[in-house]
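None of the figures in this text is laboratory data; all of them are computed from the coordinates on show. These numbers were taken from a predicted model, which means no experiment stands behind them. Glycine gets a Cβ as well: all are built from the backbone with ideal geometry, and neighbour counts include every protein chain shown.
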Amino acid sequence: PGLSYTWILNNKTLDLQEDSRRFVSQATGNLYLAKVEPWDVGNYTCAVSSAAARRRVWGPPTALTLRGDGVMGEYEPKIEVRFPERTYAAKGSSVRLECFALGK
């Protein structure tokens, strides 16, 4: 509770107010893209804000590229996870660390 998620594409915050193809879950922080277009290609970075802590942190960028042949086949999964060296929490609070992967 109290977290807000934003996504940045190529150093520009995504404005999703009038975008019917992209959605950010404020429950998980996941970004969903429907019907990927060439202008969706680039580096995506998730930013998480906490109003209570008055803090904002950014995850590592994730590159989105398009296949030239337009074929979606079976590919060997590649999962890269980078967690901070330390995670801080207040005594008695709850902490949830998640890992999410999606592929074909």
Theoretical gain in end-to-end length, VAL36 to ARG21 [0.36 nm per residue, Cα-Cα removed]: 4.6 nm
Placed amide H near ASN30: partners under 5 Å, 5+ positions off or other chain: SER25
Determine, from the Cβ-Cβ distance of TYR88 and THR62 and an R0 of 25 Å, the FRET efficiency 1/(1 + (r/R0)^6), rounded to the nearest 0.05. 0.55
